[in-house]
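Bear in mind that the values in this text are calculations on the coordinates, not laboratory data. A quick note: this is a predicted structure, and the numbers were derived from the prediction, not measured. All Cβ positions, even for glycine, are placed from backbone atoms using ideal geometry, and neighbour counts span all protein chains on display.
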Amino acid sequence: MTDIAITPAQGCPSGLEPPTDMAAGDMSAFIRKKDGLDTLTLSVRGAKCGGCLSKIEGGVKAIDGVQKARMNLSNGKLFVAWSGEDLANQIAAKVTGLGYGVAAFSEDASAKSAKQEERRLLVSMGVAAFALANIMLLSVSVWGGHGEMGEDTRTAMHAISGLIAFPVLLFSGRHFFQSAWSVLKHGRANMDVPISLALTLAFGVSVWETLIGGAHAYFDACVMLLFFLLIGRFLDARLRRQAHAAAHDLAALQNRSVNRIASTGQMESVRADQVAKGDLIFLAAGERAVIDLKITSGTSSVDESLVTGESLPRAIQSGETLYAGTVNLDRPIEGKALGEASDSLLSDIAGMLEAGEQKRARYRKIADKAVSLYVPFVHTTAAITLIAWLMLGASPREAIMVAVATLIITCPCALALAAPVAQVVASGRLFRNGIFLRSGDALERFAEIDHVVLDKTGTLTLGTPKLVSAPGDVLTQAAQLARASRHPLSRAVVEAVGAGPLADDVREVPGLGVEGWIDGERYRLGSAEWVGADAPEASTGPTLWFGADTGAQVQFHFQDQLQDWATMALSNLRDAHLGVEILSGDTQTAVAEISDQLGVTTWHAKVSPQGKAERLAALQADGKKVLMVGDGLNDAGALAMAHASLAPGGAMDVSQSASDAVYSGGLKAIDTVLSVSKRTRGVMLQNFGLAAAYNAIAVPIAVTGNVTPLIAAIAMSASSLIVTLNALRINHKSSS
Amino acid sequence: MSIIVYLIPVALGLGLLGLIAFLWSVYSDQYEDLDGAAHRILEDDDKPL
């Protein structure tokens with residue numbers, strides 16, 4: 001009898017990600033009309049396997065009125081189209097009911113243009129492939145018929161090749177021509193200039209040869225060059241687009257709808273960017289604030305862990321300020337918006353992210369350095385060849401042919417493929433290890449790291465407190481009170497005990513605790529003074545007191561536990577002679593204890609989000625290349641500023657989009673990322689070396705006038721193949 | 001050998017058909033979700049296509 005796995009009713013049936021417990025906001029503001037139907041696109045979190053796909057699509061299609069529901073597993077977007085009444089919230093509720101997280105999604109302009117650019121490159125590549133195959137058909141006939149084929153037939157074959165090549169060159173080659181033209185206008189040159197020059201000259205010379213009935217036409221080399229270069233461009237664009245897709249989750253966070261109380265007293269649901277300063281906003285229990293608020297009525301306690309890193313909630317009341325990103329825990333509150341959504345702490349962090357992105361864009365990749373050496377080399381070689389042949393007495397036609405052949409054969413198929421191919425293979429290997437690389441050039445930056453800065457809560461620790469010790473039967477009683485509260489410590493008690501009954505007449509007092517009646521006696525669970533305990537013991541972690549009005553009080557101890565591989569990961573980093581440091585927004589005692597446990601000597605506590613970014617700037621000014629690992633909103637600025645950054649899979653969307661890679665499966669990922677990126681960097685340098693070696697062999701052959709279209713075709717394919725095969729070596733474990 | 005006057009256009013025509021099929025697959029978003037497509041073939045429903 002085989003064991004049948006018990007599939008959890010909630011969340012991913014394959015258990016690839018835990019179920020998400022959330023209530024969706026109001027989605028009606030995000031409905032778009034298309035082809036007469038109402039449509040909604042939702043960003044779904046937690047859908048990882050084929051089972052999730054059928055569960056979500058099946059569940060949504062079962063709702064009356066839904067015409068179309070399609071879940072995209074690669075980017076997590078669910079597209080639903082329906083007719084009839086407003087089903088938006090029903091659909092969202094269905095998905096959250098199945099155990100997945102949802103957020104409204106509206107594609108913004110830059111994501112759309114990235115998608116269109118990638119598609120254009122793919123189509124150009126396909127057209128070039130078609131042309132290449134058909135021209136080769138004819139070229140191989142010409143090469144095979146050498147000596148036997150009549151001149152007329154040969155010219156006819158050349159002519160047909162030319163007719164195929166011409167429109168394809170214009171269509172598929174426009175990427176290079178447009179780019180070359182735009183830099184030439186400013187008097188500069190980039191890689192596309194010699195490429196465009198080679199393509200134009202090769203085509204022109206081939207047309208001339210065809211018209212005079214000559215022997216060599218380079219149409220095949222021309223289109224082959226185009227095809228290989230487009231492969232490199234396409235891979236590059238695809239990798240970059242995957243990176244940008246996650247970056248726009250920040251916008252999605254701000255896309256959330258907000259409950260506003262109008263002057264008439266009516267509650268209306270609006271988009272976050274429609275809120276004006278001074279608007280009265282209603283924040284329900286369990287809802288996350290998207291705008292900075294000044295509380296006008298209500299008392300509650302709030303979870304600021306994503307903003308400050310502080311692990312315990314604090315009580316708030318009228319008059320205090322609530323920052324965007326904070327979760328309201330107990331009671332609904334109302335507050336005045338302190339500014340628009342764009343003024344909030346959330347957007348300050350968004351600003352830091354942009355600054356980080358710009359900084360990254362200026363990083364000079366190895367590929368750029370190679371290109372800047374290559375371009376002048378190619379041009380001068382071709383020019384010298386032309387002049388030399390003319391001086392040696394050759395006819396202009398011969399001299400031009402040789403010069404063009406030089407240009408074609410030095411053309412950079414290998415060079416253009418060197419980096420993208422290595423990045424794609426490395427990205428695949430990391431993905432199989434549970435690490436999602438968000439940009440190809442990040443690999444080079446990871447390879448240069450010499451100092452690692454880590455956040456504490458959620459990165460080194462599990463992020464949620466765990467009950468350490470408590471006597472048994474008291475625990476079950478305490479759980480009867482704890483089940484009614486959202487406070488993280490109560491949740492920890494419930495987790496320790498499990499499901500069970502609720503006490504009678506339970507009420508929660510924000511900031512103090514919970515009280516209720518069990519077996520006719522009044523019990524309280526909460527802070528020491530609330531429960532009536534005197535002389536509380538000192539403790540390194542958070543504590544909770546429990547007791548009846550009459551009788552003894554018991555203290556529960558909690559601890560934020562270390563992640564599984566934390567100790568091993570950090571000692572590996574120290575063995576590799578990397579500096580290690582902890583930056584946390586949490587209290588001194590908490591950070592000191594964790595640092596002690598892990599053997600880290602440099603640490604800072606109670607650091608604000610700006611403080612983290614400043615510390616990173618200081619380290620980098622010292623000349624250190626810093627790797628930042630963090631998960632909270634308060635880490636986002638630092639993640640963007642670091643030389644390279646990592647975020648755990650459970651991190652907030654913002655932090656994921658600020659980082660270079662997202663990892664799951666524990667801190668051993670840090671080791672994997674660093675070693676794979678070093679290996680990739682090595683392979684990329686090898687590839688550039690191979691491209692240079694190829695040129696060293698090819699240029700003499702070309703300059704001495706021995707290159708025919710056949711040789712050009714072989715040379716180009718061979719160089720591209722070698723570079724690709726070398727890149728595949730990244731998949732094999734290195735012997736370090 | 002004058003048969004190649006017919007054969008070459010036929011070859012090109014077939015190639016063109018292939019290109020059109022490729023363009024159709026790109027524009028009908030078939031390259032958008034390669035992971036999802038891989039899982040969809042394993043679904044057990046007996047729905048008609």
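Tabulated results
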read-out: Using alpha-carbon coordinates, inclination of helix A:609-621 to the longest axis of chain A, degrees; value: 40 degrees
read-out: Rough spin-label spacing in nm, given labels placed 7 Å along Cα→Cβ, for residue A:499 and residue A:212; value: 8.9 nm
read-out: Quotient of Cα Rg and 2.2 N^0.38 Å for region A:514-652, N being how many residues it contains; value: 1.41
read-out: Whole-number percent relative contact order across region A:576-631, with pairs defined as alpha carbons under 8 Å at least 6 apart; value: 32 percent
read-out: Å³ per residue enclosed by the Cα convex hull of the protein assembly as shown; value: 226 Å³
read-out: Under-5 Å amide H pairs with residue A:580, H placed in peptide plane, nonlocal only; value: A:452
read-out: Using alpha-carbon coordinates, inclination of helix A:588-598 to the longest axis of chain A, degrees; value: 60 degrees
read-out: Length-normalised contact order of chain A in % [C-alpha pairs under 8 Å, at least 6 apart]; value: 12 percent
read-out: Shielding by partners, peptide A:137-149 (average Cβ within 10 angstrom, other chains); value: 1
read-out: Cβ neighbours within 10 Å from other chains - mean over B:32-39; value: 6
read-out: Protection proxy ranking of A:118-129, A:560-571 - average other beta-carbon atoms within 10 Å, highest first; value: A:118-129, A:560-571
read-out: Reachable aspartates and glutamates from residue A:336, criterion Cα separation under 14 angstrom, eight or more residues apart if same chain; value: A:279, A:292, A:320
read-out: Helix-only mean residue ellipticity at 222 nm for the protein assembly as shown, each DSSP H run of n ≥ 4 adding -39500 (n - 2.57), per residue, nearest 500; value: -16500 deg cm²/dmol
read-out: Using θ = phi - 60° and Karplus 6.51 cos²θ - 1.76 cosθ + 1.60, couplings along region A:330-336 (whole Hz; Gly, Pro as x); value: 8, 10, x, 9, 10, x, 8
read-out: Listed peptides A:477-485, A:83-91, A:583-591 by packing density, highest first (mean Cβ within 10 Å); value: A:477-485, A:583-591, A:83-91
read-out: ³J(HN,Hα), Karplus 6.51/-1.76/1.60, whole Hz, each residue of region A:168-180, x for Gly, Pro; value: 5, 4, 5, 6, 6, x, 4, 4, 6, 5, 5, 5, 4
read-out: Average beta-carbon neighbours from other chains, 10 Å sphere, peptide A:559-570; value: 0
read-out: Exposure proxy ranking, count of Cβ atoms within 10 Å, fewest first, for A:297, A:527; value: A:297, A:527
read-out: Cα-based helix-to-principal-axis angle, A:396-409 vs chain A, degrees rounded to 10; value: 30 degrees
read-out: Table column - 3J(HN,Hα) (Hz), region A:705-713, Karplus curve with 6.51, -1.76, 1.60, x for Gly and Pro; value: x, 9, 8, 10, x, 4, 5, 4, 4
read-out: Of A:365/A:678; A:115/A:277; A:77/A:115; A:369/A:624, those spanning more than 25 Å from alpha-carbon to alpha-carbon; value: A:115/A:277
